[in-house]
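Taking it in order: structure first as structure tokens, then the write-up.
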Amino acid sequence: MAIHDVEHCESHETHKDLIEKVSNHMPDEDELYDLAELFKVFGDSTRIRMLSVLMGDEMCVCDLAEVLSMNQSAISHQLKILKQAKLVKNRREGKQVYYSLSDDHVSTILAMGLEHIEEK
């Protein structure tokens, strides 16, 4: 898309007060990098499906594989990524490992994303 295809200012005039105000509220570069990395994890539809299932309840790896029609190896690979991003947590009960969302922030992010795409 060429620059003339996007609405833009016709004259170059900056608003120093506004620039200073927003600059003071910008996260630092490390936080922005970490945020971008977090959103990359949400960029995979398989992981989104897994998180959506876990919004309903915690599940063991076997049940996740069944409900998502995937093999346990693929499920485990994606769960590792989700766990590294602190989006899921796990607990062991005997021979079973159960996964759940790490906290309410994860379901809030998903719910807000759904609400956004459903806007008309």
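The values are calculated or read from the model by the stated rules, or taken from the named source; none is laboratory data. Just so it is clear, the model here is predicted, and its values are computed rather than measured. When we count neighbours, we look across all protein chains shown, and the Cβ atoms used for this are built from the backbone with ideal geometry, even at glycine. Heavy atoms of the whole protein, side chains included, go into the accessibility calculation; ligands, DNA and RNA do not. Shrake-Rupley method; radii C 1.70, N 1.55, O 1.52, S 1.80 Å.
Eight or more residues apart or on different chains, and alpha-carbon atoms under 21 Å: count the Lys pairs in the chain matching that.
Going through the chain pair by pair, I get 7.
Evaluate E = 1/(1 + (r/R0)^6) for D5 and H116, where r is the Cβ-Cβ distance and R0 equals 30 Å; express this FRET efficiency to the nearest 0.05. Present the calculation step by step, with values, prior to reporting the outcome.
On the way: r = 24 Å, r/R0 = 0.81.
Efficiency at R0 = 30 Å is approximately 0.80.
Using +1 on the beta carbon of Lys and Arg, -1 on that of Asp and Glu, and nothing else charged, what's the dipole of the chain about the Cα centre, debye to 20?
Numbers: 13 positive and 23 negative charges, 201 e Å.
Its charge dipole is roughly 960 debye.
For the chain, set up a GNM with springs between Cα atoms under 10 Å and report which of V88, V67, V53 has the largest fluctuation.
V67
Which whole-number percentage describes the relative contact order of the chain, with Cα contacts under 8 Å and a sequence gap of 6 or more? If you can, show how the numbers build up before the last one.
On the way: 71 pairs, mean separation 24.2, N = 120.
That works out to 20 percent.
Write down the Kirkwood hydrodynamic radius of the range 23-120, to one decimal in angstroms, obtained as one divided by the mean of 1/r over all alpha carbon pairs.
Numbers: mean 1/r = 0.0687 Å⁻¹.
Kirkwood hydrodynamic radius for the range 23-120: 14.6 Å.
Can you give the accessible area of I19 in Å² (nearest 10), computed on protein heavy atoms with a 1.4 Å probe?
Rounded to the nearest 10, that gives 80 Å².
Connecting C-alpha atoms closer than 10 Å in a GNM of the chain, tell me which of K16, K95, K83 has the biggest fluctuation.
Result: K16 has the largest fluctuation of those listed.
Based on the Cα gyration tensor of the range 50-103, what are the three equivalent ellipsoid semi-axes, each the root of five times an eigenvalue, rounded to whole Å and given largest first? Let's see the in-between values first.
Details: eigenvalues 42, 32, 26 Å².
They are 14, 13, 11 Å, listed largest first.
Rank M50, M70, M26 by mean-square fluctuation in a GNM of the chain with C-alpha springs under 10 angstrom and give only the top-ranked residue.
Highest fluctuation of the listed residues: M26.
Given a Förster distance of 30 Å, report the FRET efficiency between K80 and K16 from their Cβ-Cβ distance, rounded to the nearest 0.05. All intermediate terms of the calculation are to be shown ahead of the outcome.
Numbers: r = 47 Å, r/R0 = 1.58.
According to the calculation, E is roughly 0.05.
Carbon-plus-sulfur fraction of the accessible area of the chain, 1.4 Å probe, in percent?
Values: 5030 of 9530 Å².
About 53 percent, which is the carbon plus sulfur part of the accessible surface.
What FRET efficiency, computed as 1/(1 + (r/R0)^6) with R0 = 25 Å and r the Cβ-Cβ distance, is obtained for V67 and E37, rounded to the nearest 0.05? Write down the numbers at each step before the final one.
Working: r = 27 Å, r/R0 = 1.10.
E(calc), rounded to 0.05, equals 0.35.
S23 to R91: extension gain in nm, 0.36 nm per residue of separation minus the Cα-Cα distance?
Details: separation 68, 0.36 × 68 = 24.48 nm, distance 4.21 nm.
Once the chain is fully extended between S23 and R91, it gains 20.3 nm.
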